[in-house]
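Report on one structure; see the data block that follows.
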């Protein structure tokens, strides 16, 4: 499985295991995704992560992603961003869709990146995963 599919599976998990987002409705992936003007959506764009961690035999890859939580209300966008962080940061020493993850962590706290074209607040943060190659 690809990193993107693994992230989507984590974020579509129903509470308390995830925020229960629905792919294609309030969760979108990639810079080419057509985002609806609906309130409260999350988009994910894959980014370069740090170099892989190598051992004498094997190692871990560290893919990254930029996550944007959007809503008409600042507090809703902020709360949605933190719900996503809690869901992903809870992944430690766990298998996701057949791939072992050592951890997923947020590189920084969500920050306000201004309004998007639909006049929604954008709260943005980056994550890095430490995992076996998929």
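The values are calculated or read from the model by the stated rules, or taken from the named source; none is laboratory data. Small disclaimer: the values here were computed from a predicted structure and weren't measured. We place every Cβ from the backbone using ideal geometry, glycine too, and count neighbours over all the protein chains shown.
Taking the numbered list (1) closer than 11 Å to residue 122 by Cβ; (2) surrounded by 14 or more Cβ atoms within 10 Å (Cβ to Cβ) in turn, residue 74 passes all entries but (2). If a residue must be under 15 Å from residue 134 (Cα atoms) and outside any loop (DSSP other than H, G, I, E, B), how many such residues does region 1-22 contain? Residues flagged as under 15 Å from residue 134 (Cα atoms) and outside any loop (DSSP other than H, G, I, E, B) within region 1-22 amount to 7. For region 93-112, a tally of residues being surrounded by 15 or more Cβ atoms within 10 Å (Cβ to Cβ), in contact (Cβ under 8 Å) with a residue 40 or more places away in the chain and either closer than 21 Å to residue 75 by Cα or out of contact with any helix residue (DSSP H, G or I) (no Cβ under 9 Å at 6 or more places or on another chain) (or both) returns 2.
Answer yes if at least one residue in region 37-49 is without any contact (Cβ under 8 Å) to a residue 60 or more places away in the chain, exposed (fewer than 14 other Cβ atoms within 10 Å of the Cβ), part of a loop (DSSP other than H, G, I, E, B) and on the phi < 0 side of the Ramachandran plot, and no otherwise. Within region 37-49 (the criterion being without any contact (Cβ under 8 Å) to a residue 60 or more places away in the chain, exposed (fewer than 14 other Cβ atoms within 10 Å of the Cβ), part of a loop (DSSP other than H, G, I, E, B) and on the phi < 0 side of the Ramachandran plot), the answer is yes, since at least one residue qualifies. Considering each residue of region 96-104 in turn, at least one proves to be assigned to a strand (DSSP E or B) and under 28 Å from residue 39 (Cβ atoms).
Checked against the criteria, residue 13 counts as modelled with pLDDT under 95 and touching a helix residue (DSSP H, G or I) at 6+ places or on another chain (Cβ under 9 Å). Taken over region 119-134, the criterion of being modelled with pLDDT of 95 or more and farther than 15 Å from residue 87 by Cα is satisfied by 119, 120, 121, 122, 123, 124, 130, 131.
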